[in-house]
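The structure appears right after this line, and notes come after that.
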Amino acid sequence: MEKWRLLDPGPMPAWRQMALDAVVIRARAEGRAPNTFRFMEFNPDAVLVGYHQAIDLELRRDECEALGIEYNRRITGGGAIYLDSRQLGWEICLRKDDPGLPADPETVYRRLSTVVIETLARWGIEAKFRPVNDVEVDGRKISGTGGTEWGDALIYQGTLLVDFDVDTMIRVLRLPIEKLSDKEVDSFRRRTVTMRELLGEAPEMTAVKGAMVEAAARVLGIDWGPPGLTPEEQEEWETIQDTYRYPEWIDRRKPPAVEPELRTVSTKAPGGLIKASVIVDPGAKRIRRAFITGDFFAYPERAVMDLEAMLKEAPADIQKIEELLRHHYDQGNRYIGVAVEDWLRLFEQALA
């Protein structure tokens with residue numbers, strides 16, 4: 001059996017967690033560390049936006065600061081999430097050419113989510129994979145997952161809702177529920193479920209970790225080697241972690257200033273919500289600038305920025321935009337569950 005390592009550094013601030021993500025995936029990509037399974041716990045509580053999202057479009061800074069909740073940015077895609085001490089974060093980091101790894105990203109999500117499914121089975125909870133990247137129990141989400149690539153390595157991570165404070169999540173995230181009735185908000189709350197709700201009480205976190213370690217060994221067909229970071233990784237972590245606590249990282253994705261020509265549109269694709277703020281110059285019939293956010297997953301991570309660059313000064317013509325989008329996909333850019341037709345529907349709104 002292949003030897004993997006287990007990392008369980010304990011609760012810590014989000015900025016240290018994000019720095020450790022970067023260290024681990026770089027070390028794996030460069031062959032300086034083995035495949036890794038890691039637990040992630042947050043103290044203080046945190047809101048994390050996806051790599052492609054803009055902070056002020058996804059969360060309420062004033063509410064976070066009033067509640068002592070930290071906010072930061074993941075190195076992976078996906079949507080904004082609220083994490084407290086009652087949730088267990090976890091991640092798997094391995095080389096992309098691992099012989100046991102499927103080639104298709106969505107198939108990777110399905111395979112690796114089995115670790116969560118088998119963990120829940122330990123308590124008699126019957127869960128299943130829900131494309132594109134969730135684990136559900138009777139249609140209710142109990143784990144969300146996502147990933148990104150770095151060189152020759154892949155990092156795949158998620159959360160398991162051992163317990164969950166949904167009301168605080170509603171308070172700190174910018175969710176599309178402000179104008180809903182109380183009944184509709186309650187329906188929104190019921191989209192997720194926790195182990196505590198299903199079992200009547202929350203199991204001990206150490207027991208959940210132990211079950212997940214056993215499930216990972218079975219699903220991945222691995223054995224455990226020595227745990228912990230290498231001395232080189234430890235030094236790198238200590239060196240770079242401040243990078244992830246300052247605005248240069250946290251606010252690296254900002255929406256454009258509001259201008260008369262700014263048109264903000266959104267549409268739902270199978271792979272998630274896609275949003276665009278598009279500055280259109282009707283006189284010149286040009287898209288001056290497009291800013292794209294959403295809770296989708298893109299490979300490689302810079303695909304969104306490449307798409308924005310391609311759209312800059314592009315003709316404000318849907319046929320021309322379709323040509324650009326198909327060329328973008330032909331270059332190997334991938335958006336899980338988001339097709340060219342989904343983007344076209346978005347930009348038809350923007351140019352209407």
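The values are calculated or read from the model by the stated rules, or taken from the named source; none is laboratory data. Just so you know, these numbers come straight off a predicted model, no measurement behind them. Cβ sites come from the backbone with ideal geometry, for glycine too, and all protein chains shown count toward neighbours. With ligands, DNA and RNA removed, areas are computed over all heavy atoms of the protein, side chains included. Shrake-Rupley method; radii C 1.70, N 1.55, O 1.52, S 1.80 Å.
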Convert each backbone phi in region 144-153 into a coupling constant with the Karplus relation 6.51 cos²θ - 1.76 cosθ + 1.60 (shift: θ = phi - 60°), then list the ³J(HN,Hα) values in order as whole Hz, x for Gly and Pro.
x, 9, x, x, 7, 10, 9, x, 9, 10
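When a/c is below 1.5 the answer is rounded, else prolate if a/b is larger than b/c, else oblate, so apply that to region 72-164 with a ≥ b ≥ c taken from the square roots of the Cα gyration tensor eigenvalues.
Numbers: a/c = 1.97, a/b = 1.31, b/c = 1.50.
Here region 72-164 falls in the oblate category.
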At 1.4 Å probe radius, can you tell me the per residue accessible area of region 262-351 in Å²?
44 Å²
Under the 7 Å Cα-to-Cβ spin-label approximation, K312 and R190 lie apart by a distance in nanometres of 4.8 nm
As a test of reading the structure, rank R16, R252, R218 by solvent-accessible area (1.4 Å probe, protein chains only), most first.
R218, R252, R16
What is the sum of charges, Lys and Arg at +1 and Asp and Glu at -1, for the other residues whose Cβ falls under 11 Å from the Cβ of S85?
-4
Which log10 I(q)/I(0) values, to two decimals, does region 5-251 give at q = 0.12 Å⁻¹ under the Debye formula with one point per Cα?
-0.68
State the answer as a single residue: which of Y109, Y335, A127 lies farthest towards the positive end of the charge dipole of the chain, with beta carbon charges of +1 for Lys and Arg and -1 for Asp and Glu, about the Cα centre.
Y335
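Treating only the Cβ of Lys, Arg, Asp and Glu as charged (+1, +1, -1, -1), what charge dipole size does region 158-221 show about its Cα centre? Round to the nearest 20 debye. Working shown, then result.
Details: 10 positive and 11 negative charges, 56 e Å.
Charge dipole, region 158-221, about its Cα centre: 260 debye, nearest 20.
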Cα to Cα, under 29 Å, and not fewer than 8 places away if on the same chain: which lysines meet these conditions relative to K312?
K254, K268, K275, K285, K320
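With the full set of protein chains in place, find how many percent of the accessible area of region 216-287 is carbon and sulfur; take the probe as 1.4 Å. The partial results should precede the final answer.
Working: 2180 of 4150 Å².
That share works out to 53 percent.
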GluC sites (Glu not before Pro), restricted to region 214-294: which are DSSP loop and have at most 15 other Cβ atoms within 10 Å?
E261
Within region 66-128, DSSP-loop GluC sites (Glu not before Pro) with at most 10 other C-beta atoms within 10 Å are E126
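Of the DSSP beta bridges with both residues in region 5-251, give the percent that are antiparallel, rounding to the nearest 5.
Values: 32 of 41 bridges.
In region 5-251, approximately 80 percent of DSSP beta bridges are antiparallel ones.
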If one builds a Gaussian network model of the chain from Cα atoms under 10 Å apart, the most fluctuating residue listed among A290, A276, A309 is A309
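What are the GluC sites (Glu not before Pro) within region 297-352 that DSSP puts in a loop, where the Cβ has at most 15 other Cβ atoms within 10 Å? Show your work: numbers first, answer last.
On the way: sites: E301, E308, E313, E322, E323, E341, E348; in loops: E301, E313.
Hits after loop and neighbour filter: E313.
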With label points set 7 Å from each Cα along the Cα-to-Cβ direction at L199 and D8, the distance between them in nm comes to 1.5 nm
